[in-house]
1. Write out the chymotrypsin sites (Phe, Trp or Tyr not before Pro) in the range 18-82 meeting two conditions: DSSP loop, and at most 14 other Cβ atoms within 10 Å of their Cβ.
2. Name the residue farthest towards the positive end of the dipole of the range 98-199 from the options TYR123, GLY193, SER106, assuming +1 on Cβ of Lys and Arg, -1 on Cβ of Asp and Glu, about the Cα centre.
3. Rounded to the nearest 500, what is the chain's calculated 222 nm mean residue ellipticity when only DSSP H runs of at least 4 contribute -39500 (n - 2.57) each, over all residues?
4. Quick one, which of [x] 29, 60, 11, 0; [y] 25, 43, 29, 2; [z] 21, 37, 20, 12, 7, 4, 0 is the actual P(r) over Cα pairs in 20 Å bins from 0, in percent calculated for this model?
5. For the chain, what is the charge dipole size about the Cα centre, in debye to the nearest 20, if Lys and Arg each add +1 at the Cβ and Asp and Glu each add -1 at the Cβ?
6. Under 11 Å from a point 7 Å along the Cα-to-Cβ line of ASP344: which residues of the range 364-380 have their amide N that close?
7. Rounded to the nearest 0.05, what FRET efficiency do HIS376 and ARG288 have when you use their Cβ-Cβ distance and R0 = 41 Å?
8. Report relative contact order for the chain in percent, whole number only (criteria: Cα-Cα under 8 Å, sequence separation at least 6).
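Read-outs throughout are calculated quantities, based only on the coordinates presented, and are distinct from any laboratory measurement. Treat the numbers as computed from the prediction; the structure is a model and nothing was measured. Ideal geometry is used to build each Cβ from the backbone, glycine not excepted, and the neighbour counts take in all protein chains shown.
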Amino acid sequence: MAIDKVIPTTNSTGRDSQTSAELPERAFWVAFHRVPYIGPARLRRLLETFGSLNHAWHGRPEDLRRCLEERPVNELVKTRNELDLPQLMASLERSGVRVATSGDESYPALLNQIAAPPHVLYYRGELLETDRVAVAIVGTRRIIAYGREMTARISAGLARAGVTVVSGLARGVDRVAHQAALDAGGRTIAVLGSGVDRIYPPEHRNLAQRIAEQGAIVSDYLPDTPPDGVNFPLRNRIISGLSLGVVVVEAPDRSGALITVDFAADHGRDVFAVPGPANAANSSGCNRLIRDGARLVRSAEDILDDLQIMQKREVAAAQQALPMSDADRRLLAVITSEPQHIDDLALLCDTTVSEISGRLMMLELQGMVRNAGAQHYARI
């Protein structure tokens, strides 16, 4: 049964509704992030009922009960009566904490592709379109000389190729990965298991500041959230979600880095591992990953080749230099992954072979189709 949208006409919060109602929609995502017992499923119900979280935030209890149970309604009413939302948003801005919600242009595109991405992401620094090309580097906190050297070489090589390096700001492999990317003049993103204003470990504060200036520090935890141990395994889903692939440099069999690998498998992301001596405890997890099918990595070039990053950049550049016309799009729409003869394509487009032959050549240059031989073409 469809639910009619409810548009509140009166304020029931006890505050100046005119001020809060004029805030952007992302402010109300932040507000609902602070309400206990309201998660993704209940947020969807609120959006279906009220049309926006702004309207839901100002909804009357009797209207809220149309889509929520009594306990979350009570928590919502309590939170909005206690929370000065305009002041909260102004405080975040003053402290340099920015907010991206799943509908914002600034929200990372790769992260939006995973199942149940975080609705709200807090960050310091900049999230850029170029972060679509990102690789995570993770591993043990108890790094040895071999792991330090391999992490630095791989991270610096990726950064010099324009790849954003993602890690978790922890001691060991994470720290070396961030540092090497920064020193190579590249971008890096640190994903925290705390609020973005609560840097952990504390000795990484200076490194965190550099990352915020040359990349971003991100978290889906509320600002001022302490670095509780239970937070770190969950943040690993964001490390994986932000990345095209995950590289494990050094990891014993029970390393927390392997949790990131599990998330990568769930997200359909590639997994890479740096091999180590067969009798080295620090590399036992990596060696097992390779045995189980992870891609063996010796250098950044291995990752760039496997992910075809440079080729994708060339295709993107060609597409930008040679934009498609409406006729190109109509032709591309009828081309399938199975090779088709040019005569059949002409019939499908209700045009001549001479008309589409030039368009096929252009689509080849853009990396959209391939010539399978004997005048057969297939979509890439």
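1. Here the sparse-neighbourhood loop sites are TYR37.
2. Among TYR123, GLY193, SER106, the one farthest towards the positive end of the dipole of the range 98-199 is GLY193.
3. Helices in the chain give a 222 nm mean residue ellipticity of -13000 deg cm²/dmol.
4. [y]
5. Working: 43 positive and 46 negative charges, 219 e Å.
Approximately 1040 debye in magnitude.
6. 376-378
7. Details: r = 44 Å, r/R0 = 1.06.
It comes to 0.40.
8. Here the relative contact order equals 11 percent.
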